[in-house]
Amino acid sequence: MNGVWQKAADRIRESLGQVGYETWIGPLNFVGLQDRTATLEAPNRFFRDWVNGRYLNLMRQVLSDEIGQSVEVKLILGKETNGHKAVNGSTNGNGHIHPPAAGKGGQAANLDSRGPSQRTAGHPQLNPRFTFAEFVVGSSNQFAHSAALAVASKPGEKYNPLFIYGGVGLGKTHLATAIGHHLWAAGSRQHRVVFMAAEVFMNELISSIRREKMGEFKEKLRRVDALILDDVHFMAGRERTQEEFFHTFNSLHSEGHQIVLTSDKVPRDIPELEERLRNRFESGLIVDIAAPDLGTRVAIVQKKAALVRLNVPSEVAMYIAQNVSSNVRELEGCLTRLAALTSLNTSSITIDFASQALCDFIRTHTRTQESKPDIEAIQRTVAEFFHIQLGDLKSKKRTQHIAFCRQVAMYLCRKITGSSFPIIGVHFSRDHSTVIHAFNLIQRRVKNDSAFRFSIDKIERELKNIQADTPPPAVTPPGGIENRGE
């Protein structure tokens, strides 16, 4: 039956992608099939609960297809193998991940879902709130989250460097910090983890040069087990900073030490970045974080409210999420205002109360948020512009003209909506790697072909005209919560 599981596992890999598969499915051990129940062994409770909650239906469906009859899937813990004791899929919040040894030090990774602050004193450079336990996972950040978990479990072995990029306030620093927390706590503080902003790196470099203590500066950074550099795009145009970081990067990477970088741009789009640094940044895994969708925003509001012990009813969480859609920091700003007002007048939080308390904030947000076309509108406009059927963009047709139109549409979807590559891929019935390839291809042509750039500009103008004819989105009124299908 191992052959059946291997075939099923290959199909699951296609569905989840390499990172998601290796993080969550690869470590499972197929025990056997008995009485139409497939039993798999998970390394620990947290791992088991995560897979039960997110991937059990997929595993059940794929295994049933392979075997040709309905099959149930049961996950057990390692010590339960002999008895095949069944487990339920509820999360108790106290599980641990014990994957293979982490990095060269041989320390077993121990990813505690409680976050390091509940086990040891926090790392002095790391924000104690930015742990894996407090990160809300959604379709816009799932790939980046899986990659971060993989790096935290096996530093220096997988995805080195890990390059996380995305807009302001979307969670780049949170994920990078969570990796640092885990490495430091899992190694019982034996892991030497340094977290710093690129600006701090530059300032310390300048200070070391002035004080003639470059040796100390180099020693401090090159003896660490993991270096996390935030906002690496700050190095753009700073030649001496880039030169020193280039040597630091090479020293750490050659020793197998983990490097994590964050930026608001992919390496190729960072201006005045030396080619040799760009090549090294691109040598690992590059992951993006997009703006959260409605469901994720609701979950973020509820999670953040619970952390500060603020009672926010579900309908109020929905109201906030529907009216504030750009990033996590703005959602947190809404909760900060609600918390301040409720502490002053002890009012309960209702939609009426929230709409009044946040009216200025939401009006400002609505006024400054440019109304953007959605993916479907872009697909329709591109299809009309190139005189093809809308369905062709989502079909399996691979004629040169249709493939080209599809690539243009994917490029515009990414540029205009800011949606993640996996989300765009779903709308075109393609995987995220196809979207990345299309985006890079069209982006290069736009830069190098002025006639082609004119055509792309024309499509964008048509999209703006369509939006100009569409009434601006209204602030959702109290009592008028609607599901807008996000």
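Figures for the structure shown
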{"read-out": "Selection count where residues are closer than 18 Å to I456 by Cα, under 26 Å from the mean Cα position of the chain (by Cα) and either of a type in the set (V, I, T) or at pLDDT below 90 (or both), scope region 391-412", "value": "1"}
{"read-out": "Residue under evaluation N279, criteria (1) polar (S, T, N, Q); (2) in a helix (DSSP H, G or I); (3) touching a residue at least 40 places away in the same chain (Cβ under 8 Å), criterion not met", "value": "(3)"}
{"read-out": "Options V232, V224, V200: the member that is within 18 Å of S283 (Cβ to Cβ) and either among the β-branched types (V, I, T) or without any contact (Cβ under 8 Å) to a residue 40 or more places away in the chain (or both)", "value": "V232"}
{"read-out": "Region 199-215 - residue that is in contact with a Lys or Arg (Cβ under 9 Å, 6 or more places away or on another chain) and not charged (D, E, K, R) and, of those, nearest to V260 (Cα to Cα)", "value": "M202"}
{"read-out": "Flag if V408 is in contact (Cβ under 8 Å) with a residue 40 or more places away in the chain and buried (at least 18 other Cβ atoms within 10 Å of the Cβ)", "value": "yes"}
{"read-out": "Matching entry among A409, A451, A403 (being touching a Leu at 6+ places or on another chain (Cβ under 9 Å) and assigned to a helix (DSSP H, G or I))", "value": "A409"}
{"read-out": "Number of the condition not met by S188 [criteria: (1) over 11 Å from F132 (Cβ atoms); (2) at pLDDT 90 or above; (3) polar (S, T, N, Q)]", "value": "(2)"}
{"read-out": "Residue among G215, G256, G295 that is surrounded by fewer than 19 Cβ atoms within 10 Å (Cβ to Cβ) and either under 25 Å from R329 (Cα atoms) or not assigned by TED's automatic domain parsing to the domain that holds I179 (or both)", "value": "G295"}
{"read-out": "Matching residues in region 294-337 - criterion: being β-branched (V, I, T) and closer than 16 Å to T350 by Cβ", "value": "V301, V312, V316, I320"}
{"read-out": "Candidate set from region 418-429 (those that are in a loop (DSSP other than H, G, I, E, B) and within 19 Å of the chain's Cα centre (by Cα)); member that is surrounded by the most Cβ atoms within 10 Å (Cβ to Cβ)", "value": "S420"}
{"read-out": "Looking only at region 463-486, and only at residues there that are more than 30 Å from the chain's Cα centre (by Cα) and either modelled with pLDDT of 85 or more or part of a loop (DSSP other than H, G, I, E, B) (or both), the one that is surrounded by the most Cβ atoms within 10 Å (Cβ to Cβ)", "value": "P478"}
{"read-out": "V200 under 18 Å from L126 (Cα atoms), among the β-branched types (V, I, T) and either surrounded by fewer than 16 Cβ atoms within 10 Å (Cβ to Cβ) or not assigned by TED's automatic domain parsing to the domain that holds S139 (or both)", "value": "yes"}
{"read-out": "Pairs with Cβ under 7 Å, 6+ apart, first in region 155-174 and on the phi > 0 side of the Ramachandran plot, second part of a strand (DSSP E or B)", "value": "G156/Q258; Y159/L285; G166/D288; G166/I289; G171/I289"}
{"read-out": "Residue that is surrounded by the fewest Cβ atoms within 10 Å (Cβ to Cβ), among those in region 121-172 that are touching a Ser or Thr at 6+ places or on another chain (Cβ under 6 Å) and in a helix (DSSP H, G or I)", "value": "A133"}
{"read-out": "Complete set of residues in region 404-450 that are closer than 20 Å to S146 by Cβ and of a type in the set (V, I, T)", "value": "I423, I424, V426, T434, V435, I436"}
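The values are calculated or read from the model by the stated rules, or taken from the named source; none is laboratory data. Being a predicted model, the structure only gives us computed values, none of them experimental. Methodologically, a virtual Cβ is constructed for each residue, glycine included, from the backbone with ideal geometry; neighbour enumeration extends over all protein chains shown.
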